[in-house]
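Here's the structure we're looking at; comments come further down.
The values are calculated or read from the model by the stated rules, or taken from the named source; none is laboratory data. Every value quoted in this text rests on a predicted model; they were computed, and no experiment measured them. Backbone-built Cβ (ideal geometry, glycine too); neighbour counts: all protein chains shown.
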Amino acid sequence: MEKTKITASLKKYTMVIALILVVAFFYWSTEGKILYAQNLNNLISQNAYVFVLATGMLLCILTGGNIDLSVGSVVCFVGGIGAVIMDKDMNCWLAVIVMLVVGLLVGMFQGFWIAYVKVPPFIATLAGMYAFRGLSNVVLQGYTVSVSDITFLNVFGGGADCYVPDFLGGENLNMTCLAAGILIAAVYILMTVRGRIRKKTKGYATEPFAGEMIKTVLVSVIILWLFYKLANYKGIPSALIWIAVVLLAYAYITSKTTMGRYLYAVGGNEKATRLSGVNTKKVYFFAYANMGLLSGLAGILTIARATSAQPTYGQGYEMDAIAACFIGGASAYGGVGSVMGMVVGATLMGVINQGMSIMGMEANYQKVVKGLVLLIAIIFDVMSKKEKK
Amino acid sequence: MAKVLLEMKNITKTFPGVKALDNVNLKVEEGEIHALVGENGAGKSTLMNVLSGIYPYGTYEGDIVYNGEICKFNKIKDSEEKGIVIIHQELALVPYMSIGENMFLGNEQGKKNAIDWDKTYAEADKYLKMVGLSESSKVLVKEIGTGKQQLVEIAKALAKHAKLLILDEPTSSLNETDSKALLDLMLEFKKQGMTMIIITHKLNEVAYVADKITVVRDGSTIETMDKRTTEISEDRIIQGMVGRELTNRFPKRENVKIGDVNMEVKDWTVYHPLYPERKVVDHVSMNVRKGEVVGIYGLMGAGRTELAMSIFGQSYGTGITGTLKLNGKEVTLKNPKEAIRNKLAYVTEDRKGNGLVLTNPIKINTTLANLDSISKNKVIDKDKEYQVAEEYRQKLRTKCPSVEQNVGNLSGGNQQKVLLAKWMFTEPDVLILDEPTRGIDVGAKYEIYCIINDLVAAGKSVVMISSELPEVLGMSDRIYIMNAAKIVGELDAQDATQEIIMANILKSGKGE
């Protein structure tokens, strides 16, 4: 009994364990450089777009393994529009709103064909991938447009000074960052305890006490450690705030709301969901329109990080997002997957990327390794499912 | 006594944690039709999988003696070489390939890397003739109906030089006419000396074709009866299958008051969604009262499911005309959501395909059709959800470790209960149950009948669609008979007998 429990939890946390092993490997092979404060900081800032896009992609994948190939082009298109607006010295918040609205409109446009006209998502978004890449070139007229609006860069994490200012005025340590870390860990622990008490009093099944305690302690330690590290450097990168907002919002949407429930149900059995009185077309439309909105946000983060917009930006972003979801345990048939899983998947890809860069591995081989990691993750998934039968 | 062709001796097969077969013995004589009957999960299919080599030699205990020698099959090909061919329950044909291509798939004619198409089609035509199919072997499989597809499967088996043909529920997807034709074909083959094993749920088929009957229960062979020497009644077979005498297969309904008309359909006509010139429901009028169980009996393809689904928020068909009155008020239901809001529920016949999300737990399936009632501002109250699921689990006595269990892991009977729970939770006034006991065993059937009785006792109306005559007769207050898209008769349950119902269908003329 104990043994089966352990193997079950091992299976549940396979990717977390894989992540720990990968970090350990790079810690060893880069002589600890991978965990330098600056590298952790870069890991977050560089991968902000992956987290945001993978969140949107997860919703599409949940509806039945459907993917959106156009996100890379949409990121570039939206970014281009924003850069041009700011280049004309208009208000940066206007640019932000325009970018989000354009992203949403693009998503609604594609979602309409997919949901209401039944164009297969692969084809509808492949068309989008070509079209919006072309339009990005048109918007930017083939040139690089630089972004220099300071407010914009600070808020969305570009340039050198894109950190949450230290209100508490620490000297060597960024006190705001440290305080934030402590606060987050405290809230996390409080919520876990409260949830457990609530479940107990209502007589629901709870996770084994030891397991949940180990998990809570580990997660809290990691949070504290991460913020301590960041405090040692320049504090909280502003990109982290955007990542956190998106992840928390969508973790909530997918697990607690009716729309979240419908996403899973449609992916699990579309016909049954339709006969249960759910407007399944609306569910598809929501997934793709939302993908557009998040592509808009990713576009903002991308041009802020690069402080410019170029017609080649965003290439391959869709693949990073898709890979993060699948590595994070989303099913290629839909109906299975979670935001937390996706976060682990995206982090795993990010760590591998960065580790290889620090090791000075050639870019071409880096791609080979990434491909193999994706393949191995899926093989693992398929094998573990087979065993169950 | 005829020669024994096949003998399976003391076969025991264990899966991790389950003993699927326990000392099974089966003896089949040359030239006989041997029926294998038993409840779902009794082990019939496992036994046949052992025989055909799907479970290779060494993974089971016991011996297979075929034609006097002990066989050690490692794969299906091995058993097929000996002439043992299984036709599985689900048709395994590729729709976009021709009949001929399908028949020789994996058994291609000609040289190693070059298929001889002339030979393929000539051979195929030869075997099609043997099964009495006039279709050319170049026709695509998707162009022919399921009845003919089943014949193609048999022709395919013959092309493998079958000596022992095993048919696993061969008529489960066929209508009455096609079933009869298939059974007659089996009798014809018997005359030519073929040996056959038929696995079936339908006892009338057993009575029609079988020479011997072996009953399997809980992984063991209970008994073998020889129909040629003794008279065997259906009740006798059922008794063997369930291990007890079912004196009453249908629970009694007492003191249920039948009230006003709850749902009324008038002149309901529906056309096929893909072939809009084809009428699938033709001017149907019917009603159901409060506290009443109305049975709709008809053969497959009579238009029963189409009628039900078109009523349930137009979820099937085009060009729907006619009026629908619920509780005396005329309503137009444009989609399932409106149907649910108007207290109508449709429990599908296809629980895996149209009913449940198998990858999700019981609690999520239970609440899916009425999520709004447990959520506030589109946010789900998970406590309430758990309570609701738990309540229905206890009420319907669903067997499961907890409501967090994925529905895909449950048995058919328990899945059906979850499906019922889901629709009961929408608090309907009228429930349309489409084949509510299909593919579940006798014990679970009884429990479903009890649930139906509870529903009408609470003043609901139940429309029960079924193609099992005893069930319709045993459960209904009133019976509509449907054939070829029309209602061809209406009977009070007290007056109805199997003969009268069948006569009604036959009188209405042979349906297309």
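Remarks
- Just one of (1) under 21 Å from the mean Cα position of the chain (by Cα); (2) of a type in the set (S, T, N, Q); (3) farther than 18 Å from residue A:294 by Cα fails for residue A:125. It is (3).
- Verdict on residue B:456 being in the same structural domain as residue B:337 (by TED's automatic domain parsing), out of contact with any helix residue (DSSP H, G or I) (no Cβ under 8 Å at 6 or more places or on another chain) and at pLDDT 90 or above: yes
- Output for region B:69-104, where each listed residue is more than 20 Å from residue B:147 (Cβ to Cβ), assigned to a loop (DSSP other than H, G, I, E, B) and in contact (Cβ under 8 Å) with a residue 40 or more places away in the chain: B:82, B:83, B:104
- Between A:12, A:88, the distinction of being not hydrophobic (A, V, I, L, M, F, W, C) and not assigned by TED's automatic domain parsing to the domain that holds residue A:272 belongs to A:12 only.
- Among the residues making up region B:283-327, those that are touching a Gly at 6+ places or on another chain (Cβ under 9 Å) and over 23 Å from residue B:354 (Cα atoms) are B:283, B:284, B:285, B:289, B:290, B:291, B:292.
- Note on region B:302-337: residues that are out of contact with any Asp or Glu (no Cβ under 7 Å at 6 or more places or on another chain), within 14 Å of chain A (Cβ to nearest Cβ) and outside any helix (DSSP H, G or I) total 6.
- First in region A:246-271 and over 21 Å from residue A:332 (Cα atoms) and within 8 Å of chain B (Cβ to nearest Cβ), second anywhere and crowded, with 17+ Cβ neighbours inside 10 Å and of a type in the set (S, T, N, Q), Cβ under 6 Å, 6 or more apart: A:258/B:375
- Taken over region A:208-233, the criterion of being more than 23 Å from residue A:178 (Cα to Cα) and not hydrophobic (A, V, I, L, M, F, W, C) is satisfied by A:208, A:211, A:212.
- Annotation note: of B:333, B:356, B:371, the sole residue that is crowded, with 23+ Cβ neighbours inside 10 Å and either under 26 Å from the mean Cα position of the chain (by Cα) or at negative phi (or both) is B:356.
- Pick from region B:6-62, criterion out of contact with any strand residue (DSSP E or B) (no Cβ under 9 Å at 6 or more places or on another chain) and assigned to a strand (DSSP E or B), ranking: modelled with the highest pLDDT: B:15
- Residue count for region B:26-78, restricted to those that are hydroxyl-bearing (Ser, Thr, Tyr) and over 28 Å from the mean Cα position of the chain (by Cα): 4
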